[in-house]
Amino acid sequence: MSTPPHATIPRPTEPTAPPDPPEPAEPAESAEHTESTASPAVREDLLTVRDFQAEARRKLDPVYYDYVAGGAGDEATVRANEAGFARLNLLPRVLRGSAERDLALTVLGTRASMPVVVSPTAFHRLVCAEGELATGRAAARAEAILIASMASTVAVGEVAAAARAAAPDRDPALWFQVYLQPDLQDTLVLVRRAAAAGCTALVITVDSPVRGVHERSVRNGFHDLPPGLACENMRGLRDEEPGVVRQIGMSAKLDWDDVDRLRAHTKLPVLLKGVLHPEDARIAVERGVDGLLLSNHGGRQLDTVPATIELLPEVAAAVGRRIPVLLDGGVRRGTDVVKALALGATAVGIGRPLVWGLAAAGEQGALRVLELLRAELDHTIALCGARGLQDLTPDLVRPAPTGGVR
């Protein structure tokens, strides 16, 4: 969900050219967590991610709901991501469990309390007044890795400050997602800002040589952010343009050498988001990339791409445990998390579910979604006869020829 809405219609003569910048945003709310910014209570009958989606649909402007829920083309890949998990069954072991399960892990030096990561999604202030401030606090309270989006309506420094205020006893588990900009200097300014904010890894989105076309937004006439909102990370990138919000640029000319050039300018570990083909995964390892986020952009770029869970075994085999492989796309249950981990993922990411939580009840809703998935994950691991993440192996997963059991 990281592609900006103003880019849903490619220009006929120059599909990669960005449109005019949106109006400057009003200053974001303070990162300080006070009673005045407390989010509403979460309804007790919201028990699953799908419950939160239904509540978000009830509360949101339909145009904004469609922007979050929709995808490219016929949305075949949007549907496939969830259906891919449904086509897999779990085959548990018995009499080898533990009274407590350890869900914690460390990925590229970042410690998290569970293998559920907040994937980068755009424009949280469309669904929640506090936007990414609420997201940062929720992720910090859950001790989950947050991949802050470049297309955020709150600057990464403010997101980091909000996370620290919510959990002052520890550094936030914060990474930063970036689109390589046609001008390397613009990218480097973004990277420096992220590093200064305390981000400990970079996630480069590589599946967007041009922007996806989202027909729901086309039909809704939703092509730009409303007044008062902007891509705050893109503000003031150049000294000669103070206060100017530049558009996120896409370029079909980018190649592996561009990734190498960025890596030469940073000591942060670099993951690539959007590598799907096993051969590209091998190339990434050979060129020294530090990790992969196996993602089809939530079905928002190339439609009819396979579900990420279907591609995972082949990509994991190509990587051969040399670097971590995370996965997002279609994760809605703790059983989905277990299936992905068993098939070779280091962790999974959630995008839309976190946004549904924000829309339903702000920070508290986002936190509840994360805690629901934590509880479901722990419960599923126990029922699989596992003692922790290390016991989740491929033999626990079986294909279901008739479509699976949910």
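Every number here is computed from the coordinates shown, using simple stated rules; none is lab data. Values in this document were obtained by computation on a predicted structure and should not be read as measured data. Neighbour counts are summed over all protein chains in view; Cβ atoms, including those assigned to glycine, are modelled from backbone coordinates with ideal geometry.
For the reader, a short list of remarks on this structure follows.
- Qualifying residue in the stretch 322-332 (condition: in a helix (DSSP H, G or I) and either of a type in the set (D, E, K, R) or out of contact with any helix residue (DSSP H, G or I) (no Cβ under 8 Å at 6 or more places or on another chain) (or both)): no
- Some residue of the stretch 121-130 being out of contact with any Gly (no Cβ under 8 Å at 6 or more places or on another chain) and either surrounded by fewer than 22 Cβ atoms within 10 Å (Cβ to Cβ) or among the charged types (D, E, K, R) (or both): no
- Breaking point among (1) touching a helix residue (DSSP H, G or I) at 6+ places or on another chain (Cβ under 7 Å); (2) closer than 24 Å to residue 157 by Cβ; (3) polar (S, T, N, Q), for residue 200: (1)
- Helices (runs of 4 or more DSSP H) wholly inside the stretch 47-93 that include at least 3 residues being of a type in the set (A, V, I, L, M, F, W, C) and either in contact with a His (Cβ under 7 Å, 6 or more places away or on another chain) or closer than 30 Å to residue 401 by Cβ (or both): 76-86
- Filtered by the rule that a residue be of a type in the set (A, V, I, L, M), over 18 Å from residue 46 (Cβ atoms) and out of contact with any Leu (no Cβ under 9 Å at 6 or more places or on another chain), the stretch 363-404 gives a lone residue, 382.
- Among (1) within 23 Å of residue 382 (Cβ to Cβ); (2) among the charged types (D, E, K, R); (3) over 16 Å from the mean Cα position of the chain (by Cα), the one test that residue 192 misses: (1)
- Residues that are within 20 Å of residue 328 (Cβ to Cβ) and either within 23 Å of the chain's Cα centre (by Cα) or surrounded by fewer than 20 Cβ atoms within 10 Å (Cβ to Cβ) (or both) do not occur anywhere in the stretch 223-231.
- Against the conditions (1) surrounded by fewer than 21 Cβ atoms within 10 Å (Cβ to Cβ); (2) of a type in the set (Val, Ile, Thr); (3) within 30 Å of residue 43 (Cβ to Cβ), residue 285 satisfies every one except (3).
- Residue count, the stretch 257-282 (criterion: within 15 Å of residue 317 (Cα to Cα) and either touching a helix residue (DSSP H, G or I) at 6+ places or on another chain (Cβ under 7 Å) or crowded, with 20+ Cβ neighbours inside 10 Å (or both)): 5
- Hits in the stretch 154-179 (condition: part of a loop (DSSP other than H, G, I, E, B), surrounded by fewer than 24 Cβ atoms within 10 Å (Cβ to Cβ) and touching a Gly at 6+ places or on another chain (Cβ under 9 Å)): 171
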